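Data first, discussion second: the structure below is written as structure tokens.
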Amino acid sequence: MPGPDVVRDQARPATLRGMRRRRTQLLLVATALVAAGVWLAVGEGGGGHRRSLTFGISGEDPRMFADPRFAALGLRDARVQASWDLAVHTGPAYPGLAAERVRLAQWLVAARAAGIRRVLLAVKPSRDLPAAQPEAAYASALAGLLAWIDARGGGDLVTAISPWNEPDIAPSTRADPVAAGRMYAAVRALCALRGCRAVAGDFADRGMTPAYLAGYLRGAGSPAPRLWGWHAYEDGWDRARDPTLPRLRAFLAWLPGTDEVWLTEQGGIVRRVQPGDDGRSTQSPAAANADLAFLLARAPRLDPRITRFDVYQFRGEPPPRWDSGLIAPDGSTRAAYATFRRAVAGG
């Protein structure tokens, strides 16, 4: 996990020949999966030595950090999304980005005050230009975003960066995995300078395919990613139909055994914007709590390469917006809060 050795994935010794060979192996595996049209499975418990599991919170609302219930969780890791052009488009034509800048500045201050020590910055499509393809301007825009964060005293908190939230379903990248991979390459280069970890993927589990991974790896180039982000919502939502975590199992099977995986976004969904694979859009808080309990109990145990589990979100949003909150939109404490707190405490 991020800490004193936040650049271990960048600093591991490797010859150029070894890095090229590893990238070729990854591409061959992904290409073979495409040709076969299969989803492979891995065994429960995986293999190798279990690394420590870190828990975190994912969400953009800074008010959670002032809530005593958040303090009681004792978390030190958090994930926040920020628009790629947050520091680029600053005029009055971009009101969403203006509001986001205010919120992110508050978030960074509040997170530090609440004891957060490590932040995974997840870059996302623009709030005001959601379908824009930023590839040509991405590297300079990302540097500008980090300079903006540095100027507000939050740069030391950012110990990891993922280049594009859910690229496999985002409008600007779902048809162009190579472009998404090139964004990862830009993050990798920037993290090599800043001493942070580059997190590949941050994939949505309902949109990912072997073909997309193969394209992403082509765009990423060498050295190939060694740390991946994954969102496990759908495996929790569909647990009654298939309790084997099929999507997460397949993704783990596509990766080399030495790669690390962070589950960077998941939770018990009460209300979603788009229906799930089963056609449902809502369920009871009790059912959502059961989904979260299932994911907490099963997903980290699936493979020792899984080293982080972030819940989204602390407090749900009112209708018609997304709600997977540990806390209900009206501020009442849900059973999911106690479920997550027990997991963080090791119970």
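The values are calculated or read from the model by the stated rules, or taken from the named source; none is laboratory data. Here the structure is a predicted model, which is why all the values come from computation and not from measurement. Every residue, glycine as well, gets a Cβ built from its backbone with ideal geometry; the counts of neighbours run over all protein chains shown.
Table for the structure above
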| item | result |
| --- | --- |
| Enumeration of residues in segment 64-88 that are closer than 26 Å to Ala99 by Cβ and out of contact with any helix residue (DSSP H, G or I) (no Cβ under 8 Å at 6 or more places or on another chain) | Asp67, Asp77, Arg79, Gln81 |
| Close pairs (8 angstrom Cβ cut-off, 6 or more residues apart or separate chains): on the phi > 0 side of the Ramachandran plot in segment 74-103, surrounded by 13 or more Cβ atoms within 10 Å (Cβ to Cβ) and aliphatic (A, V, I, L, M) anywhere | Gly74/Val344 |
| Scope segment 324-334; condition buried (at least 18 other Cβ atoms within 10 Å of the Cβ) and out of contact with any Ser or Thr (no Cβ under 7 Å at 6 or more places or on another chain); matching residues | Ser324, Gly325, Leu326, Arg334 |
| Residue that is farthest from Gly257 (Cα to Cα) [pool: residues in segment 190-215 that are of a type outside the set (Asp, Glu), touching a strand residue (DSSP E or B) at 6+ places or on another chain (Cβ under 7 Å) and buried (at least 24 other Cβ atoms within 10 Å of the Cβ)] | Cys196 |
| Residue in segment 294-313 that is part of a loop (DSSP other than H, G, I, E, B) and more than 19 Å from the chain's Cα centre (by Cα) present | no |
| Residue identified as over 14 Å from Trp237 (Cα atoms), surrounded by 18 or more Cβ atoms within 10 Å (Cβ to Cβ) and either free of Cβ contacts under 8 Å to residues at least 60 places away in the same chain or basic (Lys, Arg) (or both) among Arg308, Arg321 | Arg308 |
| Count - residues of segment 326-341 that are more than 12 Å from Ala288 (Cβ to Cβ), in contact (Cβ under 8 Å) with a residue 24 or more places away in the chain and polar (S, T, N, Q) | 1 |
| Close pairs (6 angstrom Cβ cut-off, 6 or more residues apart or separate chains): part of a helix (DSSP H, G or I) in segment 214-242, of a type in the set (Gly, Ala, Ser) anywhere | Ala214/Ala30; Tyr216/Ala180; Tyr216/Gly181; Gly219/Gly181; Ala220/Gly181; Ala220/Ala185; Trp237/Gly276 |
| Odd one out for Thr173, checked against (1) among the hydroxyl-bearing types (Ser, Thr, Tyr); (2) part of a helix (DSSP H, G or I); (3) buried (at least 22 other Cβ atoms within 10 Å of the Cβ) | (2) |
| Candidate set from segment 154-170 (those that are surrounded by 23 or more Cβ atoms within 10 Å (Cβ to Cβ) and small (Gly, Ala, Ser)); member that is nearest to Ser222 (Cα to Cα) | Ser162 |
| From Val187, Val178, residue being crowded, with 23+ Cβ neighbours inside 10 Å, at pLDDT 95 or above and either assigned to a helix (DSSP H, G or I) or of a type in the set (Val, Ile, Thr) (or both) | Val187 |
| Pairs with Cβ under 6 Å, 6+ apart, first in segment 138-155 and more than 15 Å from Ala189 (Cα to Cα) and of a type in the set (Gly, Ala, Ser), second part of a helix (DSSP H, G or I) and at pLDDT 95 or above | Gly154/Leu108; Gly155/Ile149 |
| Residue ranges of strands (runs of 3 or more DSSP E) in segment 46-153 with at least 1 members touching a Pro at 6+ places or on another chain (Cβ under 8 Å) and surrounded by 17 or more Cβ atoms within 10 Å (Cβ to Cβ) | 77-83, 118-124 |
| Test: residue in segment 192-210 that is free of Cβ contacts under 8 Å to residues at least 40 places away in the same chain and part of a loop (DSSP other than H, G, I, E, B) | no |
| Evaluation of Phe309 against (1) out of contact with any Phe, Trp or Tyr (no Cβ under 8 Å at 6 or more places or on another chain); (2) within 22 Å of Phe70 (Cα to Cα) (one fails), failing number | (1) |
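Residue-by-condition table, conditions (1) surrounded by fewer than 19 Cβ atoms within 10 Å (Cβ to Cβ); (2) in contact with a Leu (Cβ under 8 Å, 6 or more places away or on another chain); (3) at pLDDT 95 or above:
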position: Trp262; (1), (2), (3): no, yes, yes
position: Asp278; (1), (2), (3): yes, no, no
position: Asp291; (1), (2), (3): no, no, yes
position: Leu296; (1), (2), (3): no, no, yes
